[in-house]
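Quick notes on the structure that follows.
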Amino acid sequence: MKLPVVAWPRFSALIAALLMGVMLASCSTSPRPKPKDLGPVATIEAKLRWQTNVGVSTTGQLLAVQNGRIALANDKGEVQVLDASNGQLVWKFDARNRIDSGVGFDGIRAAVVTQTNQLMVIHGGQLVWQVRLPARSFTPPLLAGGRVFLLLADRSVMALDGESGGLIWHLREDTDPLVLQQPGLLTHLNNKLLVGQSARLLRINPQNGTVEVQSTLAVSRGLNDLERLIDLIAPASLTPERLCVVAFQTQLSCVNPNTGNLLWSRSTTSTVGLSADASALANVQENGVVRLWNTQTNQMTWDSEILKFRSLRTPILSAKQVLVADESATLYALDRKDGQLLGRLATGMGPLSGEPLLTPQGVLLLGRNGQLRLYEGL
């Protein structure tokens, strides 16, 4: 389970520490069941196109890929942009501070938020500008329309001028005092911002910060602040007609991104994002059950328990299979038709950092030890 962190201006650090201790104690007294032995399994036919080491990375960041380039950051605060075709370094910038947000990237510029609340915008390995923010952020900044948009750890939303860093607007609303230490929903469509604020989906006018549409996608089932965490989490799936997103451990929902109208919704225990294409959607339950949904009928195609209790990451949909990596970076392939296990690939990378990512070049995996690999043929 991901541990929540505190939006410090609104919650006592002492109480938060006590709550963390309670959660950790409860986790330690409830060991996770062991996964069953899979027996002989075919090896996935995949080619390692390239690998490189980008430095230790334990933050669980989302990798950013734009215009054939990959942007990421390591624990030292080094922001790196690499060529997706060969893994070669294009440029590097040292923020000299740990980066919580991951990297926002538009293919040209990168933006990061450090642990000390510094927003930095970088171009070609050079700092363009930086400003201090009122809170931390665990979501990659969004660079779009000449602006930088931010979802902060106090769940407020900001827009800054992309050239100068000047504040354009800041949307603050009363929300729950705790927030997850993992990326939230922050994206855009048709000149509108789509933002997750707890379990609410907000459609925001990017020019002035006005909330035009809001939809509640989940209702908390918990009795305390920790159990009431139901943030909308990334990665999500967005098309002009449909936004599908997971509310942490609560609900899987698809909505019309233009109107906010709910298309369909199902209960889930998922703690990671989802993957979808034109005909299907894949997500994993907290216990490792993999589910595939038909997005035309909104019905479950299958659910598979074969990988149960394996600490699975966000699944990836390819043409004929559902790819799922576990925490140790073993990659499994399930048949899209019936969920049967087709094969696996033991990468030997050790624990993963963040989520696997499907790119035009192949599947990207980042290990906590800094190993970054791209596999093709999947």
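Every number here is computed from the coordinates shown, using simple stated rules; none is lab data. Here the structure is a predicted model, which means the values were calculated and not measured. All Cβ positions, glycine included, derive from the backbone under ideal geometry; neighbour counts span all protein chains shown.
In debye, nearest 20, what is the charge dipole magnitude of the chain about its Cα centre with +1 on Lys and Arg Cβ and -1 on Asp and Glu Cβ, if you could check? Numbers along the way, then the final one.
Working: 35 positive and 29 negative charges, 60 e Å.
About 280 debye.
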Going fewest to most other Cβ atoms within 10 Å around each Cβ, Phe93, Phe138 line up as Phe93, Phe138
Can you work out ³J(HN,Hα) from phi for every residue in region 97-109, in order, using Karplus 6.51 cos²θ - 1.76 cosθ + 1.60 and θ = phi - 60°, giving whole Hz and x for Gly and Pro?
6, 4, 10, 8, 7, x, 10, x, 8, 10, x, 10, 9
Burial ordering of Asp176, Asp277, fewest other beta-carbon atoms within 10 Å first:
Asp277, Asp176
Given H placed on each backbone N at 1.01 Å, which residues far from Ala46 in sequence or on other chains put an amide H within less than 5 Å of it?
none
Grab the eigenvalues of the alpha-carbon gyration tensor for region 4-376, scale each by 5, take roots, and send me the semi-axes largest first in whole angstrom.
30, 25, 21
Amide H neighbours of Thr301 under 5 Å, at least 5 residues apart or on other chains, H built in the peptide plane: list them.
Leu292, Trp293, Asn294
Which entries of Lys36/Lys320; Lys47/Lys320; Lys92/Lys320; Lys47/Lys337; Lys34/Lys337; Lys308/Lys337 have Cα-Cα distances beyond 29 Å here?
Lys92/Lys320
For region 265-368, how big is Rg over Rh, using alpha carbon atoms and the Kirkwood form of Rh?
0.94
